[in-house]
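Since every read-out is calculated from the coordinates, none of them should be taken as a lab result. Every value quoted in this text rests on a predicted model; they were computed, and no experiment measured them. Here the Cβ positions follow ideal geometry from the backbone for every residue, glycine too, while neighbour counts run over all protein chains shown.
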């Protein structure tokens, strides 16, 4: 068990309390137990109800010496020690001590107004380069010594704040924190590599509190880990979790972030590529996880509408290198597979928009998807795309399939093989009208499907 320093500000010199906390396998200092914050939030009277004799000059001198060399338990604050602390740096004659006795019996409201302060350090001690101060209305303050690189990488809120101010040792204040304990824990989760493993041990109500703070801080990976937890948690009802988690807010936030990153990367004079590309991959993975969960819940229709409206994002797709943009095509693939399987039921206009806007970018990245994604199943993807096309009217099928045919003749195996969908469209367009009218068609024997065992 590691320890953090918890500082409590009294009327005299600052007192230090030691609070045990846990150290995770990733070597970051987890936030203290919830009891620490609960005890700190309670107004504590530094004077015990029992009366003690007036300390003499010798006892005061002895208390001065022992208070420096010895650590005292945080839960017990003796009356004599409170008196000695108040009199540090003041003459220790007996009249002065007698004068302090009425002060000990001051109205309780004055001591309750003293602000409480807690100091917590994350990561390796002494290596922090950023201070975050959480302020509460009651005067309770938490100072977090953290690392700027960790917060910038995981939180869009801190990224924007740090970009605005660049002093040598920046300090960020967050006012009116309703849930200070969860703020501390959420920031601590930014240091954790396996968020899902840590959330498994949490209760549903606590995860709901975490995702609320994570959304305020723009901590996308934490929000999505909470989504995964919510989809697998036993007894998590739709009434309690769905209204919070399965709203379009998180998806829209990720889409906005990806669009901003695409615009930055598409600029001709753009040079700082590595961090932007890394963030782009992270945001695309977040959207993929979210889409997977929504599809499993049969609630991804609204996601399909949002994805079909990303015209600007699709236009920027070809301006980026394929190594970073192909993660976005994975989202398109999952949508087509879901529509083909009946897991998604978007409207006809939405299906048409998805194909008109995202099929060509998918064709451009198809070769990379085959060789760069382990989970990519070519047969499943091609079947999903074909079935999605066949759900449209014949005129729209013709436009899409003829455009695909030109790409297929040029790229060959580096293009999705939609031959089955093309044959179905061909029969419905040219063969079926002749069959219904009773006229013979020279293509009947060629295009009529034959079921044979292979």
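Brief remarks follow.
- Translational diffusion of region 265-355, µm² s⁻¹ [Kirkwood Rh, Cα pairs; Stokes-Einstein; 25 °C; 0.890 mPa s]: 175
- Per-pair calculated FRET efficiency, R0 = 25 Å: residue 391 and residue 429 via Cβ, rounded to 0.05: 0.95
- Anisotropy class of region 277-329 from Cα gyration tensor, a/c 1.5 cut: oblate
- Residues 192, 254 arranged by fewest to most Cβ contacts within 10 Å: 192, 254
- Computed with the Debye formula from one identical point scatterer per Cα of region 127-230, without solvent, the log10 of I(q)/I(0) at q = 0.11, 0.13, 0.16, 0.21 Å⁻¹ comes to -0.33, -0.45, -0.69, -1.13.
- Calculated FRET efficiency for the pair residue 375/residue 178, C-beta based, R₀ 25 Å, to 0.05: 0.05
- Set against the 2.2 N^0.38 Å expectation for a compact globular protein, region 320-406 has a Cα radius of gyration ratio of 1.05.
- Residues 274, 302, arranged from fewest to most other Cβ atoms within 10 angstrom of their Cβ, appear as 274, 302.
- Inter-label distance, residue 256 to residue 129: 2.9 nm, where each label sits 7 Å from its Cα along the C-beta direction.
- Isotropic mean projected area of the C-alpha convex hull, region 361-433 (nm²): 4.9
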